[in-house]
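Heads up, the thing below is written out as structure tokens.
The values are calculated or read from the model by the stated rules, or taken from the named source; none is laboratory data. Nothing here was measured: the structure is a model prediction, and the numbers come from that model. Quick reminder, even Gly has a Cβ in these numbers, built from the backbone with ideal geometry, and neighbours come from all protein chains shown. Calculation scope for accessible area: heavy atoms of the full protein, side chains included, ligands and nucleic acids excluded. Shrake-Rupley method; radii C 1.70, N 1.55, O 1.52, S 1.80 Å.
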Amino acid sequence: LVLTKPLPALWLLAAVSLAAQESPPVFRGGVSLVRVDVHIAGQPRNSAPLDPQDFLLTDNGQPQTIRHLTRDDVPLDLILLFDISGSMKPGIKRVASGARAALAELRPDDRVAVFAFSDQLLLLLPFSSDLDLVRHTIEEGLLQLNFAGSTPLRHSIHAAAQSFPPHAAVQRRRALLAITDNRGHESGAPLDQIIDDLWHLDVVVSGLALGMPGGPSRVFPIGVTRAAREYAHKAKYGASMDEIATATGGEMLYTSRPDKEFRNLINRLRYRYSLYYPMPAAEPGERRKITIDLTRQARRQLGRAKLRARTGYRVP
């Protein structure tokens with residue numbers, strides 16, 4: 001992605017004209033574009049890439065025209081956020097054992113930062129494209145920490161996200177992956193404010209929720225909805241990160257095989273579509289809702305694929 005000047009505000013891009021689809025798009029000052037990253041869960045590997053006309057996108061209920069679409073070719077800035085509260089060490093060891101395979105999903109121009117949190121947030125490694133150093137930080141430095149304390153989960157996600165570098169002239173995708181048992185306590189800013197700030201920072205947040213011994217059972221009767229599962233989890237364990245993942249276009253993956261799923265989640269954060277559409281006229285500070293679906297023809301092509309994308313944004 002080539003801009004004529006650095007991005008002034010995160011996920012908003014100043015634009016009037018787009019270059020041809022075959023070459024990098026050039027944006028010129030005038031019209032604000034909203035960018036939405038989309039992951040299509042269940043898209044067959046051998047299926048043809050989708051085009052802008054395959055998507056149905058609304059902003060506050062009004063259909064929007066997608067001006068440009070890219071896929072997979074945007075460098076990634078990824079924060080790995082590890083929960084090191086009391087009972088997490090056995091699960092984190094299993095995640096660390098899969099670090100080499102997981103990091104193999106990244107490209108040379110991707111960058112990774114490593115954080116850990118319990119009672120406080122610890123920066124173990126600032127953003128680096130040295131994936132061997134990232135792996136060593138996870139396999140060695142992380143496991144030498146003291147696993148104890150409480151779990152300010154939402155607050156730690158919010159605080160770690162502030163460390164993303166300012167947008168440069170070349171656009172980069174931003175993602176945060178929290179490795180946790182998803183049992184947190186209320187701390188810091190209200191949930192709506194956290195989501196607004198993550199929208200503003202243009203961050204996709206996903207969670208790898210470890211199936212810890214003695215942890216929450218994820219076995220529910222057939223037919224129990226995801227909303228009911230999330231409600232049951234929150235009622236028992238407090239402030240989870242489910243709402244944050246949903247609002248930012250990420251996902252929550254509960255697993256007893258974290259070494260394997262660590263790689264799968266990084267893959268799904270790395271390979272996504274980016275859609276761009278002109279921002280409708282709106283009042284500054286207005287909270288707007290985004291919905292994205294596939295056309296009937298695209299649904300026939302992809303079957304039961306599920307879309308994950310941000311659910312809204314706050315107008316600057």
Quiz item: For the range 131-146, how many residues meet the condition of being touching a strand residue (DSSP E or B) at 6+ places or on another chain (Cβ under 9 Å) and either outside any helix (DSSP H, G or I) or farther than 23 Å from Arg100 by Cβ (or both)?
Solution: 1
Quiz item: Here are some residues: Leu177, Leu153, Leu191. Which one is under 19 Å from the mean Cα position of the chain (by Cα), over 27 Å from Tyr271 (Cα atoms) and among the hydrophobic types (A, V, I, L, M, F, W, C)?
Solution: Leu191
Practice problem: Note down all Cβ pairs under 7 Å where the first residue falls in the range 69-96 and is in contact (Cβ under 8 Å) with a residue 60 or more places away in the chain and of a type in the set (Lys, Arg), the second is open to solvent by 30 Å² or more (accessible area, probe 1.4 Å) and part of a helix (DSSP H, G or I), and they're at least six residues apart or on different chains. | Solution: Arg94/Asp259
Quiz item: Is it true that some residue in the range 19-38 is under 27 Å from Leu210 (Cα atoms), modelled with pLDDT of 75 or more and surrounded by fewer than 17 Cβ atoms within 10 Å (Cβ to Cβ)?
Solution: no
Quiz item: In the range 160-190, what count of residues is obtained for those that are open to solvent by less than 40 Å² (accessible area, probe 1.4 Å) and not in a loop (DSSP other than H, G, I, E, B)?
Solution: 11
Quiz prompt | Residues within the range 247-262 that are open to solvent by 30 Å² or more (accessible area, probe 1.4 Å) and at pLDDT 95 or above, tallied | solution = 0
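Results for (1) open to solvent by 60 Å² or more (accessible area, probe 1.4 Å); (2) farther than 23 Å from Asn267 by Cα; (3) modelled with pLDDT under 95, shown as yes or no for each residue.
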{"residue": "Met88", "(1), (2), (3)": "no, yes, yes"}
{"residue": "Gly91", "(1), (2), (3)": "no, no, yes"}
{"residue": "Arg100", "(1), (2), (3)": "yes, no, no"}
{"residue": "Ala104", "(1), (2), (3)": "yes, no, no"}
{"residue": "Val114", "(1), (2), (3)": "no, no, no"}
{"residue": "Leu123", "(1), (2), (3)": "yes, yes, no"}
{"residue": "Pro126", "(1), (2), (3)": "yes, no, no"}
{"residue": "Leu145", "(1), (2), (3)": "no, yes, no"}
{"residue": "Ile157", "(1), (2), (3)": "no, no, no"}
Quiz prompt | Whichever residue in the range 264-316 is hydroxyl-bearing (Ser, Thr, Tyr) and under 28 Å from Asp109 (Cβ atoms) and, among such residues, is surrounded by the fewest Cβ atoms within 10 Å (Cβ to Cβ) | solution = Tyr271
Exercise. State yes or no: is Leu81 at pLDDT 50 or above and crowded, with 19+ Cβ neighbours inside 10 Å?
Key: yes
Quiz item: When residues of the range 281-305 are filtered for being more than 22 Å from Asp197 (Cβ to Cβ), outside any strand (DSSP E or B) and not β-branched (Val, Ile, Thr), how many remain?
Solution: 11
Self-check item: Filter result for Ser156 (part of a helix (DSSP H, G or I), in contact (Cβ under 8 Å) with a residue 24 or more places away in the chain, out of contact with any Pro (no Cβ under 6 Å at 6 or more places or on another chain) and not basic (Lys, Arg))
Solution: yes
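Residue by residue, here is whether (1) hydroxyl-bearing (Ser, Thr, Tyr); (2) within 15 Å of Arg172 (Cα to Cα) holds:
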| position | (1), (2) |
| --- | --- |
| Gly42 | no, no |
| Asp51 | no, no |
| Asp59 | no, no |
| Val74 | no, yes |
| Ile79 | no, yes |
| Lys89 | no, no |
| Lys93 | no, no |
| Ser97 | yes, no |
| Ala102 | no, no |
Exercise. Residue by residue through the range 264-280, note down the ones that are outside any helix (DSSP H, G or I) and not hydroxyl-bearing (Ser, Thr, Tyr).
Key: Arg272, Leu275, Pro278, Met279, Pro280
